[in-house]
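These notes are about the structure you will find just below.
The values are calculated or read from the model by the stated rules, or taken from the named source; none is laboratory data. Just so we're clear, the structure is a prediction, and the values are computed from it rather than from any experiment. When we count neighbours, we look across all protein chains shown, and the Cβ atoms used for this are built from the backbone with ideal geometry, even at glycine.
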Amino acid sequence: MERLLPSDPSLIGGHRLAGRLGAGGMGVVYLARSPHGAWCALKVIRAEYADDQGFRARFRREAELASRLTSRWTVPVVAADADARSPWLATAYVPGPSLAEAVALHGPWPEAQLRGLGTVLAEALDGVHAAGLVHRDVKPANVLLAVDGPRLIDFGIARAVGATALTTDGSVVGSPGYLSPEQARGHTVGPPSDVFSLGCVLAHTVTGRPPFGTGGAAAVLYRTVHQEPDLDGVPEGLDRTVRRCLAKEPERRPSARELRDILGEFAADAWLPEGLPALVAARAARVLDLPVPEPTMVAGPAPVDPYDAQPSPTRRRLLVAGAAAGVTAAAGAGAWWQWGRNNASANTGSGRRARHVVALLGNPDRPFYTAQERGARLAVEQHNQDARRTIDLVLRTTDDRGTARGSAAAAARLADDPDVSVVIAAGTNATVLAALPPCTEARLTVLVTRADHDDLNLVNTTSALVLRSTRTVGPGAALRYLNRAVKPGRTVIVHDLATEAESRATINITSPHGKLNGETVIEEVAADQDFTGAARRIATRPRDAVVFGGVNPDRAAALARALRNAGHQGARVAGEHVLATPFLAVGEGWRIGTGYIDASADPRTKAFAAAFRTRYKRAPGPWAAEAYDAVRFAAQGLAHLDDDGRSTLRSVLLRRPWQGITRRVSFDAANQYFQANDDGGEFLYVVTGGAARFVSRSDDIPKKT
């Protein structure tokens, strides 16, 4: 549990808030004390959803349906208000660890205990389905372990069977690695989808790993749809049952009731593996140590629900200060706020601003470094000129020597320097990957601007946040161009084995859930082959579109020449890594998807471009605007740090979406997925006259381009 933020209310629907249990794409979950004194988990829906009256109607209906759940293994809804300014829903609080945490800390479960767990969860799902609901997010993190048995929680994306979903058909809702193939494809789902997810949970619990692997969301979704699960280590007595749950076709899976009967009885006195009873008991005891939340208002009129008329954070701080000074308030209110609230900033009221060093890690001799350094410096200068700022920034440049070894050494020095608050990694995949271990060990946040390796985007195991789309999503804007402007009947994906791993990422994203519309075929070219034969085969259907999956500019140039010579006339697209002189010389007409914007050509970045020209007497180059955004993103997080300093910056940055000039970034806590391609954060260029010319953001690609 985390402390409340200064911006959090203290009262919602008569419930006193005690802390934050988590935050996700839909809203924030608080630990709260009900008007009757019971602890509960209270989920508040974000304002962007609350403004949609259709959403309110669906929220009201589904809260009513969820309140009908009577199984002892589901967490009951105790109160809800769909008409509040920000709709909220409260459920009973289960003070135990999640199954995900238990497996991570204590390892896989024995077969006997797994059967008991599966029996209870199947019974819970049977009750959910009988009430006309589909959970749609069954995963280890949504199973809490109480002393008397597990509980299935979080019906935040549950939907009524046969009713309009909270999201429209065609979108993927749920957690990659645990959702069903039909869910991965964005299709309508029913109770069999929950059974598939339960099969994934059972496999993970008994083996210690997800059955469809880890990595980027797109890769996991692809494996879920097209590949068999990894069930090595599942006991022989359970293997057939788990495989039935994980059948690709929904009709081949058992029902939740049938699964409950197969798995057997639940032994309440021995359902937890060795070592876990102590963990569960310790977590349950924590709630007993929590102080009873007291009102934050001074004596006088009855407290006002802040979600109907919320006092400003400033006023609340004044009221708390008054309480601490002995103004007529409930006894203990000052102590409660000291425990429950962060300081808004270490600078507040001191008359002096805290100073934070932003380190730019890269090599001045590498392409694009100078543009990033200038963009970052401009952001620091503009920040320090703002009279409203609460902190000061200092930019420090650190040379990584352009090598993995040099990057690791430089990162270690930064990690050991207590003055450094955040690192902006301006280097390549090789250098940035090498910088992560020392920074992660020191809990020093790393903001990645240009590098795009999927191993960087592991939210749970590194201290990095990748402020761009990675290869997992392929050349996003180029694929959208094909879908929106070209609409080919067939697309050929050229799989270049010279850079097989990178090319494979593009192949993966085109198939599982509709990143490319229409028919797709793969043309594989060996590393020691040229593209003449492949181009001739492609040109037999000259209007087919072509996607180059590789990243090598020389290989891309060879393909471009071969297609031209063979008479191919269709659209041709690739990713940003091909943009070098060999390819630009022969790639006329190719559309390229990139992670960087031309700041001089887009209306939303023209103010930045003008300031850049004034400061440096030239137009901003690639990645300048992205580095500018990285500093600004860091600054708004640094302004809200508590006394724990830089070690908490990453969690502060993950708490709320942020809009920059290049893109919007956000964190989905339920799926543990940090997304940095919102709001058109992928960009389309066209090769013309030996250069790449900016066309548009991905969201703005016109029907005819």
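Assess whether Glu2 counts as being at pLDDT below 80 and more than 23 Å from the chain's Cα centre (by Cα).
Numbers: at pLDDT below 80: yes; more than 23 Å from the chain's Cα centre (by Cα): no.
The answer is no for Glu2.
When you go through (1) assigned to a loop (DSSP other than H, G, I, E, B); (2) modelled with pLDDT of 95 or more; (3) of a type in the set (Val, Ile, Thr); (4) surrounded by fewer than 24 Cβ atoms within 10 Å (Cβ to Cβ) one by one for Thr614, which number turns out not to apply?
Here Thr614 meets the rest and fails (1).
For Val75, work out the one condition from (1) in the same structural domain as Ala281 (by TED's automatic domain parsing); (2) crowded, with 18+ Cβ neighbours inside 10 Å it doesn't fulfil.
The failed condition is (1).
Can you tell me which residue in the stretch 649-671 is surrounded by the fewest Cβ atoms within 10 Å (Cβ to Cβ), limited to those that are touching a helix residue (DSSP H, G or I) at 6+ places or on another chain (Cβ under 8 Å) and at pLDDT below 80?
Ala669
Taking Asp528 as the residue in question, decide whether it is out of contact with any strand residue (DSSP E or B) (no Cβ under 7 Å at 6 or more places or on another chain), surrounded by fewer than 22 Cβ atoms within 10 Å (Cβ to Cβ) and either without any contact (Cβ under 8 Å) to a residue 24 or more places away in the chain or within 25 Å of Asp699 (Cα to Cα) (or both).
Numbers: out of contact with any strand residue (DSSP E or B) (no Cβ under 7 Å at 6 or more places or on another chain): yes; surrounded by fewer than 22 Cβ atoms within 10 Å (Cβ to Cβ): yes; either without any contact (Cβ under 8 Å) to a residue 24 or more places away in the chain or within 25 Å of Asp699 (Cα to Cα) (or both): yes.
In short, yes.
Could you tell me which numbered condition Tyr30 fails, if it satisfies all but one of (1) crowded, with 18+ Cβ neighbours inside 10 Å; (2) aromatic (Phe, Trp, Tyr); (3) modelled with pLDDT under 80?
Going through the list (1) crowded, with 18+ Cβ neighbours inside 10 Å; (2) aromatic (Phe, Trp, Tyr); (3) modelled with pLDDT under 80, Tyr30 breaks only (3).
Checking Leu89 against (1) in a strand (DSSP E or B); (2) of a type outside the set (Phe, Trp, Tyr); (3) surrounded by 19 or more Cβ atoms within 10 Å (Cβ to Cβ); (4) more than 27 Å from the chain's Cα centre (by Cα), which test does it fail?
Of (1) in a strand (DSSP E or B); (2) of a type outside the set (Phe, Trp, Tyr); (3) surrounded by 19 or more Cβ atoms within 10 Å (Cβ to Cβ); (4) more than 27 Å from the chain's Cα centre (by Cα), only one is false for Leu89: (4).
Among the numbered criteria (1) at pLDDT 85 or above; (2) outside the structural domain of Gly199 (by TED's automatic domain parsing); (3) in contact with a helix residue (DSSP H, G or I) (Cβ under 7 Å, 6 or more places away or on another chain); (4) surrounded by fewer than 16 Cβ atoms within 10 Å (Cβ to Cβ), which single criterion is violated by Glu111?
Failed condition: (2).
Pick out the one residue from Val394, Val432, Val422, Val358 that is part of a helix (DSSP H, G or I) and in the same structural domain as Ala634 (by TED's automatic domain parsing).
Working: Val394 fails: part of a helix (DSSP H, G or I); Val422 fails: part of a helix (DSSP H, G or I); Val358 fails: part of a helix (DSSP H, G or I).
Every option except Val432 fails the conditions.
Determine, yes or no, whether Ala562 is small (Gly, Ala, Ser), more than 38 Å from the chain's Cα centre (by Cα), farther than 30 Å from Phe368 by Cα and surrounded by 15 or more Cβ atoms within 10 Å (Cβ to Cβ). Walk me through how you get there before you give the answer.
Working: small (Gly, Ala, Ser): yes; more than 38 Å from the chain's Cα centre (by Cα): yes; farther than 30 Å from Phe368 by Cα: yes; surrounded by 15 or more Cβ atoms within 10 Å (Cβ to Cβ): yes.
In short, yes.
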